[in-house]
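Asker: Below are the structure tokens for one structure; questions will follow.
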Amino acid sequence: MNIDRRLFQLLKEERTPFLASISAGILASVMLIAQAYFLSRIINGAFIEKSGIEKLLIPLALFALFSLLRMALNWFSHTEANRGTLIIREKLFTRLIGTVAALGPLYTKSVQSGRLSTTLLKGVESLDAYYSQYIPQIFFALFTPLLIAGTILPRDPISGTILLFSAPLIPIFMIVIGKSASAMTEKQWKTMSRMSGYFLDVLQGLPTLKLFAQSQRQHNALEEAGETFRHATLRVLKIAFLSSLTLELVGTIGMAIIAVGIGLRLMTGEITFQLALFVLLLTPDFYLPLRQLGTKFHAGMEGVSASKEIFAILDQKAPARLQPAGFTMNESVGERPIHCNNVTYTYPGSQEPALENITITIPSGKTTAIIGPSGSGKSTLINLLLRFQEPDKGSITVDDKPIHAMPLDAWQKQISWVPQHPYLFNATLRENILLARPEASADEMAVALQKTGLTNLVSQLPQGLDTVLGEEGARLSGGEAQRVALARAFLKNAPLLVLDEPTSHTDPELEAMLRNSIQELMQGRTTIMIAHRLKSIRSSEQIIVVSQGKIAQCGTHDELLAAGGFYRDVLLLQQENAL
């Protein structure tokens, strides 16, 4: 038997349906014994004693009653087990989604999306067999054979003794084979999980692979991964078939020995026909729960293997957040400057801090550009402001109050974020835009569309705003996707605007069109921008130059240009990258 401690803990939290299922299953075993008894009486009365139908009516009625009761109890047992499993699955899935949400975008970017989705969907789903079949079967395999042996042993000690001595052989063989099966199943699950992640990564990067003539190479790699998974699956099946053969063989030999013994004793008159038939009817059902346990053991092992990746996610440490303690803010966040006070952050597993002792002030109602070489800490600073991460040391304050003392959702409602590559869901255009503020009115939606130049696009789409965009906005071009991101920001109308230079990967004509919308969006807001283009940098009222996780320079474009030094070098590098 393989009972995972943490999976069993989840079972204990929802024990009521499973206790009802196990109790019903054990009662069904009692009904089984009663069925066998009255069936043996009916056959003995009809063929041996030659009794008339009037004498067999009561046994027939009782046999039918116990048959119906057994059927109802088995149905109830399966229903309750499935109900308990569904409750556990829903709670576990909710916990997983909550954990992934708490870990934030940085965690989801650090793992393969295909592997993560496999764990969240198929991993949780694979627990069905473990909870609804394997766990109840453990108890059925324990109590049903004991009930049958306890019924047979006083009436036929020889058959009862054979049952008691042969029964332990089945669990022994199952444990021996089960160890190999468990290891193989875990390996198979990991192979499938890795293959899922790899396949999705290749699929998402297919245009790039085609561009660099690497598609055939990846095709061969995928084919090899598929073969590896096929071999892993066949190894699991081989052990499962071997296990089934062994368990069936032990059960068959046990039944054969009892049948031969009863036949010999029946010929010598040492046992009555009714008792012999009663024992023979119960013998297959004595071994059946033990054989089924072996089968359901293999069905449940996939869930045990998947649970290791599930609990690996649940064990991830989310960013430490202070509990909000009556946080109040008298004025809008956008009307107060943001202060970073000796902020330091180090990524998990890294020795060097990504940001070290950052102390800056972001003025309210103005535009602040953050520039610097790749890897200098620009994105880390933005992530701290968005609260995707929390600083290891220091604090970020508004009105002398730390933002991490404010409820996370309340803080993020104050921010509109427009990244370089906005994510669009496989939903309608309306749903993708309303993601920013679901309660927005139709008039507010119309204004957002008009300000971002999406009105013409909507008129060209087959179902207008109700057109499904496809996975990652497949129906839209890159520029149109950026307009959707800007429409979200207009609709949200938050006092803080965070831009990761949405025009950095666009051609000059599209950049000019988008810039007009961005300039209007920036009006009257505190704007923080990771800038890549010279025009964006020069127009900013404050420029922060970041280098190796520290503030190298800070000031306006003219001030920094006059000072020269590092700013001039970074500006030159930014221009080269833009070209």
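The values are calculated or read from the model by the stated rules, or taken from the named source; none is laboratory data. If you're wondering where the values come from, they're calculated on a predicted model, not measured in any experiment. We place every Cβ from the backbone using ideal geometry, glycine too, and count neighbours over all the protein chains shown.
Asker: Looking at the range 453-495, which of its residues are under 30 Å from residue 335 (Cα atoms) and either among the basic types (Lys, Arg) or surrounded by fewer than 18 Cβ atoms within 10 Å (Cβ to Cβ) (or both)?
Answerer: The answer is 453, 483, 488, 492, 493.
Asker: Can you tell me which condition residue 483 does not meet? The list is (1) out of contact with any Pro (no Cβ under 6 Å at 6 or more places or on another chain); (2) on the phi > 0 side of the Ramachandran plot, and all the others hold.
Answerer: (2)
Asker: In the range 267-292, what residues are over 15 Å from residue 38 (Cα atoms) and touching a Phe, Trp or Tyr at 6+ places or on another chain (Cβ under 7 Å)?
Answerer: 289
Asker: Could you run through the range 111-131 and say how many residues are part of a helix (DSSP H, G or I) and surrounded by fewer than 19 Cβ atoms within 10 Å (Cβ to Cβ)?
Answerer: Just the residues of the range 111-131 that are part of a helix (DSSP H, G or I), to begin with: 113-125, 127-131.
With surrounded by fewer than 19 Cβ atoms within 10 Å (Cβ to Cβ) added as a condition, the list becomes 113, 117, 120-122, 125.
Of the residues in the range 111-131, 6 are part of a helix (DSSP H, G or I) and surrounded by fewer than 19 Cβ atoms within 10 Å (Cβ to Cβ).
Asker: Return only the number of the condition from (1) at pLDDT below 85; (2) under 30 Å from residue 31 (Cα atoms); (3) of a type in the set (Phe, Trp, Tyr) that residue 229 does not satisfy.
Answerer: (2)
Asker: Something else now. Quick one: what pairs do we get from the range 375-403, first residue of a type in the set (Lys, Arg), second part of a loop (DSSP other than H, G, I, E, B), C-beta under 6 Å, 6+ apart or different chains?
Answerer: These pairs meet every condition: 378/372.
Asker: Is there any pair with a first residue in the range 535-547 that is under 20 Å from residue 356 (Cβ atoms) and a second that is part of a helix (DSSP H, G or I) and aromatic (Phe, Trp, Tyr) whose Cβ atoms are under 7 Å apart and which are 6 or more apart or on different chains, and what are they?
Answerer: 545/566; 545/567; 547/566
Asker: What are the residues in the range 78-130 that are of a type in the set (Phe, Trp, Tyr) and either within 30 Å of residue 23 (Cβ to Cβ) or without any contact (Cβ under 8 Å) to a residue 40 or more places away in the chain (or both), if any? Please lay out each step first, then the result.
Answerer: Start the filter on the range 78-130 by keeping residues that are of a type in the set (Phe, Trp, Tyr), which leaves 93, 107, 130.
Within the range 78-130, 93, 130 qualify.
Asker: While we're looking at this one, here's another question. Of all residues being in a helix (DSSP H, G or I) and of a type in the set (Gly, Ala, Ser) in the range 259-299, which is surrounded by the most Cβ atoms within 10 Å (Cβ to Cβ)? Just the residue, please. Can you show your working first?
Answerer: Of the residues in the range 259-299, the ones in a helix (DSSP H, G or I) are 259-268, 273-299.
Now drop any that are not of a type in the set (Gly, Ala, Ser), which leaves 259, 261, 263, 276, 294, 299.
On the way: 259: 15, 261: 18, 263: 12, 276: 21, 294: 25, 299: 17.
Out of the qualifying residues, it is 294.
Asker: Take the residues in the range 79-98 that are farther than 18 Å from residue 303 by Cα and surrounded by fewer than 17 Cβ atoms within 10 Å (Cβ to Cβ), then tell me which one is nearest to the chain's Cα centre (by Cα). Spell out how you get there, then give the answer.
Answerer: Let us first name the residues in the range 79-98 that are farther than 18 Å from residue 303 by Cα, namely 79-80, 97-98.
Filter again for surrounded by fewer than 17 Cβ atoms within 10 Å (Cβ to Cβ), leaving 79, 97-98.
Values: 79: 25, 97: 7, 98: 10 Å.
Filtering the range 79-98 for residues that are farther than 18 Å from residue 303 by Cα and surrounded by fewer than 17 Cβ atoms within 10 Å (Cβ to Cβ), the one nearest to the chain's Cα centre (by Cα) comes out as 97.
Asker: Sticking with this structure for a sec: Checking residue 237 against (1) in contact (Cβ under 8 Å) with a residue 40 or more places away in the chain; (2) closer than 30 Å to residue 166 by Cα; (3) within 30 Å of the chain's Cα centre (by Cα), only one condition comes out false. Which one?
Answerer: (1) is the only condition that residue 237 fails.
Asker: Can you name the condition, by its number, that residue 222 falls short on among (1) within 24 Å of the chain's Cα centre (by Cα); (2) modelled with pLDDT of 80 or more; (3) buried (at least 17 other Cβ atoms within 10 Å of the Cβ); (4) farther than 29 Å from residue 294 by Cα?
Answerer: (3)
Asker: Now for a separate question. Counting only residues that are assigned to a strand (DSSP E or B), among the hydroxyl-bearing types (Ser, Thr, Tyr) and crowded, with 18+ Cβ neighbours inside 10 Å, how many does the range 350-369 have? I'd like the intermediate steps shown before the answer.
Answerer: Residues of the range 350-369 assigned to a strand (DSSP E or B): 355-362, 367-369.
Then keep just the ones that are among the hydroxyl-bearing types (Ser, Thr, Tyr); that gives 359, 361, 367-368.
Next, from what is left, pick out any that are crowded, with 18+ Cβ neighbours inside 10 Å: 367-368.
Number of matching residues: 2.
Asker: Moving on. Which residues, taken from the range 14-47, are small (Gly, Ala, Ser) and closer than 14 Å to residue 76 by Cα? Working first, answer last.
Answerer: Step one: of the range 14-47, the residues small (Gly, Ala, Ser) are 20-21, 23-25, 28-29, 34, 36, 40, 45-46.
20, 21, 23, 24, 25, 28, 29 - these are the residues of the range 14-47 that are small (Gly, Ala, Ser) and closer than 14 Å to residue 76 by Cα.
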